[in-house]
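So the structure is just underneath, and the comments pick up after that.
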Amino acid sequence: MWLLFLTLILFVILIKAERSMPFLKDPPRKVLESYRTNFKLFMFNEIALAILSIESIYLLVDVFSGYGLLSGMADGPVKYLLAFVLMDLTLYSWHRSEHIFKFLWGFHQIHHSDACVNVTTSVRFHTLGLILVVAVKALFFIVMGLNSALVLYFESIMTAFVILQHANITYPYERHIGKIFIVPQLHRLHHSRALSQRDKNFGVVFSFWDRIFATHLDAVPEGIGLSYIERPSYVQLLKMGFINAADGIGDFFRTTRRTYSALNQFLHFNN
């Protein structure tokens, strides 16, 4: 509940900032349509996740808190900072995977379908996409051997960054701050219609992962959104995620069968 309250407070502040000093001058009707669709998705996901009790996955963290890779380190700022940096690297890797694998992209493209990036875009996600990322975070905490109290702190920081980086605003020294952290200017490019720009700037909190792994780009986006998705309703977005994800699973099994067949032919030929 506290996380929902934090999210709503940031929404109010940043929506007001977007209205008074927007970076992209989108037509009011277009922005309003984006707000409506995104808030409907947000409410649907909140209800769905509450029904599924997905946050209960984090209860597993306490069971394994003494057995992970960092369990031998003394609790303190060094351990917490190291864990947070490693978690951000994990989410950077997951985010790249969502763009590489068709199954994951089937869900993640819902987030990219918004034709005008604004603060509400930060909650425009497919329900199953959210469930998967929660599972990734839970697995990270288990592997690292961290206690569940850190989940609350890390999730608060991550949520604040995700909301802020989608805001349609600019502010002083943004480019300088962007050398360390993901700022709206960098993440806005990630929502470009151009594939060469969309597959850049995957960072969640820190921008140096993109620099290290050569996915950093500082440029002006060539349009926003996806050219093949125009003005969908939130129901259409949910259906689209399932359909495309199913296609992705089908491609995976077809590729597996072809690989298995080719391997059999190779072994038979050599025998």
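Using the charge dipole of the range 1-121 (Lys, Arg: +1 at Cβ; Asp, Glu: -1 at Cβ; taken about the Cα centre), state which of Cys116, Ser97, Phe5 has its Cα farthest towards the positive end.
Value computed over the given set: Cys116.
Order by neighbour count: Ile224, Ile157, fewest other Cβ atoms within 10 Å first, most last.
Ile157, Ile224
Can you list residues whose amide H is under 5 Å from Phe181's amide H, if they're 5+ apart or on another chain and H is modeled 1.01 Å from N?
Ser207
Check which residues have an amide H placed less than 5 Å from Ile224's amide H, if you skip close sequence neighbours.
Here Arg193 satisfy the definition.
Is there a quick way to get the dipole size of the range 2-270? I mean about its Cα centre, with the Cβ of Lys and Arg at +1 and of Asp and Glu at -1; what is the value in debye to the nearest 20?
For this selection, approximately 620 debye.
Order of 9-18, 214-223 by packing, highest average Cβ count within 10 Å first?
For the peptides 9-18, 214-223, the packing ranking is 9-18, 214-223.
Quantify how much of the Cα-Cα distance distribution of the chain extends past 27 Å, in percent.
On the way: 15856 of 36585 pairs.
Cα-Cα pairs in the chain separated by more than 27 Å: 43 percent.
Hey, fewest Cβ within 10 Å first, where do Val134, Val117 land in order?
On the way: Val134 17, Val117 28.
Lowest count first: Val134, Val117.
Beyond 30 Å between alpha-carbons counts as too far, so tell me which of Lys30/Lys179; Lys25/Lys102; Lys25/Lys200; Lys40/Lys179; Lys16/Lys79 fall in that bin.
Values: Lys30/Lys179 32 Å; Lys25/Lys102 33 Å; Lys25/Lys200 23 Å; Lys40/Lys179 34 Å; Lys16/Lys79 37 Å.
Those over the limit are Lys30/Lys179; Lys25/Lys102; Lys40/Lys179; Lys16/Lys79.
Sorted from fewest to most neighbouring beta carbons within 10 Å, what does the list Leu130, Leu164 look like?
Fewest-to-most ranking of Leu130, Leu164: Leu130, Leu164.
I need the helices of the chain that pass two filters: whole DSSP H segments spanning 18 Å or more by Cα along the axis, and mean Kyte-Doolittle score no lower than -1.0.
Values: long enough: 2-20 (28 Å, 1.77); 28-52 (36 Å, 0.28); 77-100 (34 Å, 0.38); 127-144 (26 Å, 2.62); 149-165 (25 Å, 1.77); 234-270 (54 Å, -0.06).
The answer, listed by residue number, is 2-20, 28-52, 77-100, 127-144, 149-165, 234-270.
Here, each number is a calculation from the coordinates, and none is a lab measurement. The structure presented is a predicted model; accordingly, all values stated were derived computationally and were not measured. Don't worry about glycine lacking a Cβ; one is built from the backbone with ideal geometry, like all the others, and counts go over all protein chains shown.
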